[in-house]
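These notes are about the structure you will find just below.
The values are calculated or read from the model by the stated rules, or taken from the named source; none is laboratory data. Predicted, not measured: the structure shown is a model, and the values here were computed from it. Quick reminder, even Gly has a Cβ in these numbers, built from the backbone with ideal geometry, and neighbours come from all protein chains shown. Heavy atoms of the whole protein, side chains included, go into the accessibility calculation; ligands, DNA and RNA do not. Shrake-Rupley method; radii C 1.70, N 1.55, O 1.52, S 1.80 Å.
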Amino acid sequence: MKIAVDGPSASGKSTVAKLLSQRLGIPYLETGLLYRMFGYIAFKEKVKPEESLKLFEEDFRVVFDVGKTEVYWKGKNLAEELKGEEVGKYASLLGEIPAFRERMIEFFRRLVGDSQVVAEGRDVGTHIFPEAPLKFFITASAEERARRRYLELKSKGLEVSYEEILRVIQERDLRDAHRPVYPFKPAEDAHIIDTTNMSVEEVLETMLKILKEKKV
Ligand code: DC
């Protein structure tokens, strides 16, 4: 079975999608990680937006399994390099290029094939696997998402400002929602879960309950 988990940045969708994958024993595919990887490579190699399709010729590899997605570039695991807000911005810019996005959608479909997957991102339910029998859209208020990101970065010892994080989140939301092609929005048949006042456990339980009721 394919399960789509979409949502805006810092909504907690990665956390719950990964847990759902582990709970069900189904591989986890974090599509944003691929956007981040290509954004990072484009920055490093000074690839212009109009040449973005060339990024697919790079020496990269994707591993997706229960509870984890990893990307390698020239044999190196990029886990650390891809974490920051800056890389997220490059990723989002790539996502605005229609030809690049189409290539990504095709790439993800081929990568997963007939396999089961909990796939997480922005357009999984709308474009990558529109046929998925179960779709979730995980969201929370911008203020709550900024608060979560602030606490996360702070716990890693980083000096960060809540106002600045909120500004970046709002800016990214606007860009993702208003791009002319493939604007970011929930699939019509997605179960929308507003996690603003929910714990991670509550979100996961809600998802499992919906899964059980659907009997997919
Ligand atoms: O999920 P994330 O924050 O790691 O994603 C980073 C950026 O990549 C996000 O701002 C938009 C883009 N992205 C996308 O356009 N489509 C996806 N399926 C996943 C990510």
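Quick notes on this one:
- Only the Cβ atoms of Lys and Arg (+1) and of Asp and Glu (-1) were treated as charged; on that basis the dipole of the chain about its Cα centre amounts to roughly 280 debye.
- Of all beta bridges that DSSP places with both ends in the chain, some 35 percent have antiparallel geometry.
- Dipole magnitude of the stretch 138-213 about its Cα centre (Cβ charges: Lys, Arg +1; Asp, Glu -1), debye to nearest 20: 260
- Environment charge at Ile128 (Cβ cut-off 15 Å; Lys +1, Arg +1, Asp -1, Glu -1): 0
- Accessible surface of the stretch 35-168, 1.4 Å probe, proportion on carbon and sulfur as whole %: 53
- The Cα-based radius of gyration of the stretch 129-216, divided by its Kirkwood radius, gives an Rg/Rh of 1.04.
- Sites Tyr72 and Glu171 - FRET efficiency at Förster radius 35 Å, r taken between beta-carbons, to 0.05: 0.70
- Dipole axis of the stretch 24-65 (+1 Lys, Arg; -1 Asp, Glu on Cβ), positive-most option in Tyr28, Phe64, Ile41: Ile41
- Length-normalised contact order of the stretch 65-192 in % [C-alpha pairs under 8 Å, at least 6 apart]: 26
- Per-residue [θ]222 nm for the chain (sum of -39500 (n - 2.57) over DSSP H runs n ≥ 4, rounded to 500): -14500 deg cm²/dmol
- Probe 1.4 Å, accessible area per residue of the chain, Å²: 51
- With a cut-off of 10 Å between beta carbons, the residues surrounding Arg179 carry a summed charge of 0, where Lys and Arg count +1 and Asp and Glu -1.
- Value of relative contact order over the stretch 1-108, rounded to a whole percent, pairs C-alpha under 8 Å and six or more apart: 29
- Taking other residues whose beta carbon is less than 12 angstrom from the beta carbon of Val63, and scoring Lys, Arg as +1 and Asp, Glu as -1, yields -1.
- The 3J(HN,Hα) values that the Karplus relation (6.51, -1.76, 1.60; θ = phi - 60°) gives for the stretch 123-140 are, in residue order, 10, 5, x, 8, 10, 6, 10, x, 7, 4, x, 9, 10, 10, 10, 9, 9, 6 Hz. Gly and Pro appear as x.
- Per residue, the convex hull spanned by the Cα atoms of the chain measures out at 120 cubic angstrom.
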